[in-house]
């Protein structure tokens, strides 16, 4: 019995002598960012009631008198701003209009500091506490033709912001 015990101990020590161990370290990382959000806070892009006079009319809303948007996200990150002209149509109430009409809304955007913004421009989100912030004011123009059909014209202006 003693011999078996001694042989077992010798085998255990010999197997430890031939065992190999290899390790490799790998780095792990993550970049946590504040998500982007856009909020329309004040103002509007409503041109109000316009009386048709039989003459061409151009109406404008200055950006600082239009719709204000606040963009929040990660402080110091670069954002890209994209927008397009849109078509307003009076087709929502065909029972009270004599014919369908369209108007082109050409937006004009500027930053809170007055810098004009073109679609595709990039800006840096300024630190405001734990988030980054950028303010945009949107206005624009519509051109009403001399023979423009009457009605309530509506459309959706879309502002897209990406990191």
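Read-outs throughout are calculated quantities, based only on the coordinates presented, and are distinct from any laboratory measurement. Values in this document were obtained by computation on a predicted structure and should not be read as measured data. When we count neighbours, we look across all protein chains shown, and the Cβ atoms used for this are built from the backbone with ideal geometry, even at glycine.
Results, tabulated for the structure shown:
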{"quantity": "Qualifying positions in the range 100-117 - part of a loop (DSSP other than H, G, I, E, B) and loosely packed, with under 12 Cβ neighbours inside 10 Å", "calculated": "113, 114, 115"}
{"quantity": "Top-ranked residue of the range 118-163 - restricted to ones that are outside any loop (DSSP other than H, G, I, E, B) and touching a helix residue (DSSP H, G or I) at 6+ places or on another chain (Cβ under 9 Å), ranked as farthest from residue 35 (Cα to Cα)", "calculated": "140"}
{"quantity": "Subset tally (residues that are surrounded by 10 or more Cβ atoms within 10 Å (Cβ to Cβ) and touching a residue at least 24 places away in the same chain (Cβ under 8 Å)) for the range 42-60", "calculated": "10"}
